[in-house]
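The values are calculated or read from the model by the stated rules, or taken from the named source; none is laboratory data. Every value quoted in this text rests on a predicted model; they were computed, and no experiment measured them. Glycine also receives a Cβ, built like all others from the backbone with ideal geometry; neighbour counts cover every protein chain displayed. These accessible areas exclude ligands, DNA and RNA; they are computed on the full protein's heavy atoms, side chains included. Shrake-Rupley method; radii C 1.70, N 1.55, O 1.52, S 1.80 Å.
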Amino acid sequence: SKAKLFDEKTDVKASFKDVAGLEGAKEEVQEIVDFLKNPEKYTSLGGKIPKGALLVGPPGTGKTLLAKAVAGEAKVPFFSLSGSDFVEMFVGVGASRVRDLFKQAKEKSPSIIFIDEIDAIGRARGKSNFSGSNDERENTLNQLLTEMDGFGTNTNVIVLAATNRADVLDKALMRAGRFDRQIYVDLPDVRERKEIFEVHLRPLKIDDSLDTDFLAKQTPGFSGADIANVCNEAALIAARKERESVGKQDFLDAVDRIVGGLEKKNKIIT
Ligand code: ATP
């Protein structure tokens with residue numbers, strides 16, 4: 001069986017209304033949506049449309065979701081791959097995989113390329129890593145830089161990449177004409193957590209005991225992904241108890257369960 005080189009989605013359903021909070025980040029990516037939909041408007045005065053932007057922030061804060069929403073809002077195809085698969089699974093073919101990805105994205109332009117965990121390939125060159133061949137990773141990184149430099153100004157492919165470690169990235173990636181924009185995607189504050197709960201409560205059958213202000217206050221430090229998890233877990237807990245709808249106590253139990261999981265995860269790290 002031949003491993004998939006990358007993922008391509010043509011009919012992306014995500015939109016900005018699925019992304020709660022992150023007002024600043026949404027405003028910045030709105031501009032990218034406009035570039036994709038209406039490039040002539042921006043190039044008519046001689047300006048160059050940016051080629052790439054880096055989404056920077058902790059795990060589970062909605063970077064992938066935001067990138068998908070850009071493709072969904074602009075109604076363009078979404079090409080994605082994960083930096084870590086790259087390095088682990090495709091030894092010897094990383095560079096040709098990058099070439100292939102860009103070729104496809106150009107053929108289907110306007111389009112979005114999304115590279116998750118770009119740090120796996122984009123770590124500063126010449127620094128050791130712990131996962132096998134460094135030459136392989138450097139070849140892949142060099143190919144990525146070459147592809148971005150090779151874009152014409154009217155290619156209309158925008159590359160979004162996500163990382164939680166912008167500090168370890170090779171500075172060459174951030175140079176003008178590459179990922180020269182950084183967009184911060186932070187953990188949600190209490191008001192944003194309330195909004196994220198509202199998004200993830202939509203598909204659930206909830207009862208009147210539920211209060212999103214209360215839930216937001218009970219979940220400091222939770223990411224959007226943690227909150228999505230809490231909502232799903234609460235629905236399963238309620239179903240297990242044969243309830244007609246999901247209530248406050250189910251959410252509290254779900255929060256406890258997720259906090260327990262987070263504590264275990266942190267113990268392993270430290
Ligand atoms: P990672 O760095 O781990 O790849 P990420 O920042 O890309 O994480 P996502 O994969 O986008 O995070 O988030 C996972 C899921 O968490 C999303 O599919 C969504 O269900 C939920 N989520 C995260 N952030 C938000 C948000 N701001 N609004 C609504 N849902 C969110």
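Mind giving me the nanometre distance, one decimal, between the label points for Asp167 and Val190, set 7 Å out from Cα along Cα→Cβ? A separation of 2.9 nm, rounded to one decimal place. Each residue of the stretch 209-217 was assigned a 3J(HN,Hα) from its phi angle through the Karplus curve 6.51 cos²θ - 1.76 cosθ + 1.60 (θ = phi - 60°); the sequence is 6, 8, 9, 5, 4, 4, 4, 4, 5 Hz, with glycine and proline shown as x. Among the trypsin sites (Lys or Arg not before Pro) in the stretch 178-270, those placed in a DSSP loop whose Cβ has at most 13 other Cβ atoms within 10 Å are Lys205, Lys241.
Considering only protein heavy atoms and a 1.4 Å probe, what is the carbon-and-sulfur percentage of the accessible area of the chain? Intermediate values should be presented prior to the final figure.
Details: 6990 of 13820 Å².
Its accessible area is 51 percent carbon and sulfur atoms.
As I understand it, the dipole of the chain uses +1 on the Cβ of Lys and Arg and -1 on the Cβ of Asp and Glu, about the Cα centre. Which of Phe197, Leu81, Phe251 lies farthest toward its positive end? Selected residue: Leu81.
Taking amide H atoms as placed 1.01 Å from N in the peptide plane, the amide H of Ser209 lies under 5 Å from those of Lys248, each 5 or more residues away in sequence or on another chain. Helix content alone sets the calculated 222 nm mean residue ellipticity of the chain: runs of n ≥ 4 DSSP H residues at -39500 (n - 2.57) each, divided across all residues, give -15000 deg cm²/dmol. Counting only protein heavy atoms and a 1.4 Å probe, the chain has 51 square angstrom of accessible area per residue. Highest average first, the peptides 60-70, 139-149 ordered by how many other beta carbon atoms sit within 10 Å of their residues are 60-70, 139-149.
For the stretch 20-126, what does the alpha-carbon gyration tensor say about shape, rounded, prolate or oblate, given a ≥ b ≥ c as the root eigenvalues, a/c under 1.5 as rounded, and a/b over b/c as prolate? It comes out oblate by the Cα gyration axes.
Amide H to amide H, with H built 1.01 Å from N, Glu117 comes under 5 Å of Gly83, Ala162, counting only residues 5 or more places away or on other chains.
Placing one identical point scatterer on every Cα of the chain and ignoring solvent, what is log10 I(q)/I(0) from the Debye formula at q = 0.07, 0.16 Å⁻¹? So the normalised log intensities are -0.29, -1.19.
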